[in-house]
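Notes follow once the structure below has been shown.
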Amino acid sequence: MKKGIHPENYRPVVFKDMSNGDMFLSKSTCKTNDTVEFEGETYPVVKIEISSSSHPFYTGKSKLVDTAGRVDRFMNRYGKLNK
């Protein structure tokens, strides 16, 4: 590995999901002045808008568009023109 290419301020940081309040601990070099107490320790906190705990893809709350009705309507209207 090359020396001097890795950041020096790599430290534990709490990421807080602002949409639902979930927090998780990871390591990061993000600059922040805010701190939070997490599991009995004080860590710097980075506030994020969305995480895997609130993203619709991961939570299974995403909306699926039913295109079957659209295709049927299209074929009913314009399918006769091909014949």
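Under conditions of 4 °C and 1.567 mPa s, the stretch 1-55 yields 106 µm² s⁻¹ as its translational diffusion coefficient, taking Rh as the Kirkwood radius over Cα pairs in the Stokes-Einstein equation. Using heavy atoms of the protein chains and a probe of 1.4 Å, the accessible area assigned to Ser52 is about 80 Å².
Which percent of the accessible area of the stretch 1-55 is formed by carbon and sulfur heavy atoms (probe 1.4 angstrom)? Roughly 50 percent of what the probe reaches on the stretch 1-55 is carbon or sulfur.
Assign unit charges at the C-beta atoms only (+1 for Lys and Arg, -1 for Asp and Glu), then state the dipole size of the stretch 1-55 relative to its Cα centre in Debye, rounded to the nearest 20.
Dipole size: approximately 440 debye.
Stretching the chain fully between Glu37 and Phe24 yields a gain of 3.5 nm (0.36 nm per residue, less the alpha carbon separation).
The values are calculated or read from the model by the stated rules, or taken from the named source; none is laboratory data. All values reported here derive from a predicted model rather than from experimental measurement. Quick reminder, even Gly has a Cβ in these numbers, built from the backbone with ideal geometry, and neighbours come from all protein chains shown. SASA here: full protein model, heavy atoms, side chains in, ligands and nucleic acids out. Shrake-Rupley method; radii C 1.70, N 1.55, O 1.52, S 1.80 Å.
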